[in-house]
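Step one of this worksheet: look at the structure below.
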Amino acid sequence: MNNNPDLLSVQDIKIEIKTKKGPVYPVRGLSFSLKRGQSLCIVGESGCGKSVTALSVLGLLPKSTFRLIHGKILFDGTDLVKLPENMMRDIRGRRISMVFQDPMTALNPVFSIGEQIREAIVAHGDTHPMTGKTTGTPGLKEWIVELLGLVGIPEPDRRYYSYPHELSGGLRQRAMMAMALACGPDILIADEPTTALDVTIQAQILNLIRQLKQKSGLGLVLITHNLGVVAQIAEKVLVMYAGKAVEEAPVDELFEAPFHPYTKGLMESVPYGLPLGTKRLRSIKGNVPPLDAIPSGCAFQSRCTQSMEICQRKDPPLSSLSPTRKVACHLYTDCAWKKGGARPTVGKP
Ligand SMILES: Nc1ncnc2c1ncn2[C@@H]1O[C@H](COP(=O)(O)OP(=O)(O)OP(=O)(O)O)[C@@H](O)[C@H]1O
Ligand SMILES: [Mg+2]
């Protein structure tokens, strides 16, 4: 019996955007899952559909433009796609919460951070994020101060009364994290939470996320284009390209032996784990195709150094190479092996 079932299971979602020139598809059949307490990093270049995916899980894509046209988003067994908005509101924040790249989009400039967190808690109930205990409203301020301290805000009793503009970028990011954690969610979705911050603060925020995860058993979906961040935080990695998953692997296996040419390219473009200057930075030639010009066949073909004839004709499905590894690339399908391609080695040689 599987005693740690998936808490979140995104199944073959396709998202459509209405544009004047007709529909385009930023997410084109994406699946991934997360177990309780697990951390998943979603990586990929700008425009590959990471934020659209995250927002779709929370039902936050504007309905005027976006439509989920296929797939399921199962959270604790419930399909969020079919959930009425009032029930979705209850899940958002209380069970699944999100932090954004720019904290000002999530924080309200006219309320102190303490008041905002209080509002969030009162709106959803008042379960302590770390202990799971319910504190009565009278103790709420002390509890929020404790939470601000927990996310590393110095002098939290004074900062309770600070307005967002009175805080540095790093402290604002922490305040947003406190707000996201206030109702003790099961899953935190963090969309590029550190890109706007300087390197030292980035490292502090990442440490904080790691500690909170260990302490509270929080599940984490971290979106980033930085493989250095992935190496520090992830257990599982999903590499996205043009709205699809091209590779999925446990973090150590991925760094040890990336399979997809795109993943290899990303790895070569980041000096992860190496002092700056010891490895020449390379970027992958070309760009992610625009949504209205995604080629048939493999979307990565025009940038791939190992592209074959079949790549123009057939989009490779994400297939399992081992119990832990999946890749969507014709180099690893039977037809390539039949033509004399090397069978991939999986994991450590
Ligand atoms: N409101 C919108 N209207 C039209 N196209 C959109 C809209 N929002 C996103 N897109 C398009 O959808 C695609 C995916 O966007 P998304 O924001 O998910 O990318 P991303 O992977 O998060 O990139 P980044 O790393 O830059 O944040 C992009 O091509 C983007 O231009
Ligand atoms: Mg984004």
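Structure notes:
- Accessible surface of the chain [probe 1.4 Å, protein heavy atoms]: carbon and sulfur percent: 53 percent
- Translational diffusion of the chain, µm² s⁻¹ [Kirkwood Rh, Cα pairs; Stokes-Einstein; 4 °C; 1.567 mPa s]: 60 µm²/s
- Computed E for D79/N4 - FRET, C-beta separation, R0 25 angstrom, nearest 0.05: 0.75
- Loop-located trypsin sites (Lys or Arg not before Pro) in the stretch 1-107 (DSSP state not H, G, I, E or B) with no more than 12 neighbouring Cβ atoms inside 10 Å: K18, K20, K21, K63.
- Distance between the stretch 49-116 and the stretch 154-220 - C-alpha centres, whole angstrom: 18 Å
- In plain terms, the C-alpha convex hull of the stretch 134-184 casts an average shadow of 3.4 nm² when viewed from every direction.
- Taking 28 Å as the limit for the C-alpha separation, the pairs K82/K244; K72/K326; K35/K141; K285/K314; K35/K314; K72/K141 exceed it in the case of K35/K141; K35/K314; K72/K141.
- Modelled this way, with points 7 Å down the Cα-to-C-beta line, the labels at N108 and D252 are 4.6 nm from one another.
- Full-stretch length increase - E166, M87 - with 0.36 nm per residue and alpha-carbon distance subtracted: 25.0 nm
- Charge dipole (debye, nearest 20) of the stretch 197-252; +1 at Cβ of Lys and Arg, -1 at Cβ of Asp and Glu: 200 debye
- Largest GNM mean-square fluctuation across N207, N86, N287, computed for the chain with C-alpha springs under 10 Å, falls on N86.
- For the chain, the Cβ-based charge dipole about the Cα centre amounts to some 960 debye (Lys, Arg positive; Asp, Glu negative; other atoms uncharged).
- Each residue was assigned an accessible area with a 1.4 Å probe, and for Y163 the value is about 80 Å².
- Subtracting the Cα-Cα distance of T324 and K215 from their residue separation scaled by 0.36 nm leaves 36.6 nm.
- Helix 113-124 axis, angle to the chain major axis (alpha carbon atoms, nearest 10°): 80 degrees
- Taking amide H as placed 1.01 Å from N in the peptide plane, the amide H of F259 sits under 5 Å from none that are at least 5 places away or on another chain.
- The angle between the Cα long axis of helix 140-150 and the main principal axis of the chain comes to about 40°, on a 0 to 90 degree scale.
- For the chain, built as a Gaussian network whose Cα springs stay under 10 Å, the top-fluctuating residue of G59, G286, G29: G286
- Rounded tilt (10° steps) of 85-94 against the dominant C-alpha axis of the chain: 80 degrees
The values are calculated or read from the model by the stated rules, or taken from the named source; none is laboratory data. Just so it is clear, the structure is predicted and the values come from calculations on it, not from any experiment. So basically every Cβ, Gly included, is an ideal-geometry build from the backbone, and we count neighbours across all protein chains shown. Keep in mind that these areas ignore ligands, DNA and RNA; they rest on the heavy atoms of the full protein, side chains included. Shrake-Rupley method; radii C 1.70, N 1.55, O 1.52, S 1.80 Å.
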